[in-house]
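Data first, discussion second: the structure below is written as structure tokens.
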Amino acid sequence: MNKNDFKELYEIDCSKNVEAKGNFNYLSWAHAWRWLKTRHPDATYTIYKNADGWNYHTDGRTAWVECGVTVNGLEHIEHLPILNFHNKAQKLETVDSMAVNTAIKRCVTKAIGLHGLGLYLYEGEDLPDVPTWDESDPNMRDNYVAQLVIASDKEDKVETAELYGDLTQAQKQDIWDEFTGQQKQFIKNARRDYVENKEQVA
């Protein structure tokens, strides 16, 4: 790949395929791959597996993916953590195939960006690496419940309060019956203490 390749990809107007997510704009992996392959048909991507053949890596606490995109013999490699709904590293216990697949697609998109395509989207801000909770997707709902269960069982007040506080009122009502009486009490106490502490700081 030469400077002209980068310039060609960087100057592509991707605006018609840019989607908004919260305060950010991003280019979906499907559109990014289509744009790249249209101009560089020989472009390839690689998902780097760990020593056990898994398509993600872990330190025993969190997990991440590693992907490379090659254009005209030049490979750019990106690493992307598997994040939770707060854009924080997801606990290993709650990582599922959907989360891994989502991280891989976004990692490939970011590696494509290193070749120039859509790179301007990263200038001054980063991509929103995790989707908001889509009520129509039961996997995302169940994953969120699992994270709350783990946080409350570990008696992690801050994480429990932040996870629960990020939900809409309708979402809170939707998942409330998923918790035991003890977990419900911990969630209530954690949220109360969290709010009180923030008010004291303010």
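The values are calculated or read from the model by the stated rules, or taken from the named source; none is laboratory data. In this text the structure is predicted, and so the values were computed from the model without any measurement. Because the Cβ atoms are built from the backbone with ideal geometry, glycine has one as well, and the counts that use them run over all protein chains shown. Each accessible area value is taken on the protein alone, full model and side chains, heavy atoms only, with ligands, DNA and RNA left out. Shrake-Rupley method; radii C 1.70, N 1.55, O 1.52, S 1.80 Å.
Is at least one residue of the stretch 80-91 in contact (Cβ under 8 Å) with a residue 24 or more places away in the chain and more than 30 Å from VAL145 (Cβ to Cβ)?
No, there is no match, as no residue in the stretch 80-91 is in contact (Cβ under 8 Å) with a residue 24 or more places away in the chain and more than 30 Å from VAL145 (Cβ to Cβ).
For the stretch 53-76, which positions are open to solvent by 70 Å² or more (accessible area, probe 1.4 Å) and either of a type in the set (A, V, I, L, M, F, W, C) or modelled with pLDDT of 95 or more (or both)?
TRP54, TRP64 - these are the residues of the stretch 53-76 that are open to solvent by 70 Å² or more (accessible area, probe 1.4 Å) and either of a type in the set (A, V, I, L, M, F, W, C) or modelled with pLDDT of 95 or more (or both).
Can you give me the number of residues within the stretch 68-113 that are within 30 Å of LEU167 (Cα to Cα) and either outside any loop (DSSP other than H, G, I, E, B) or touching a Ser or Thr at 6+ places or on another chain (Cβ under 6 Å) (or both)?
Residues flagged as within 30 Å of LEU167 (Cα to Cα) and either outside any loop (DSSP other than H, G, I, E, B) or touching a Ser or Thr at 6+ places or on another chain (Cβ under 6 Å) (or both) within the stretch 68-113 amount to 22.
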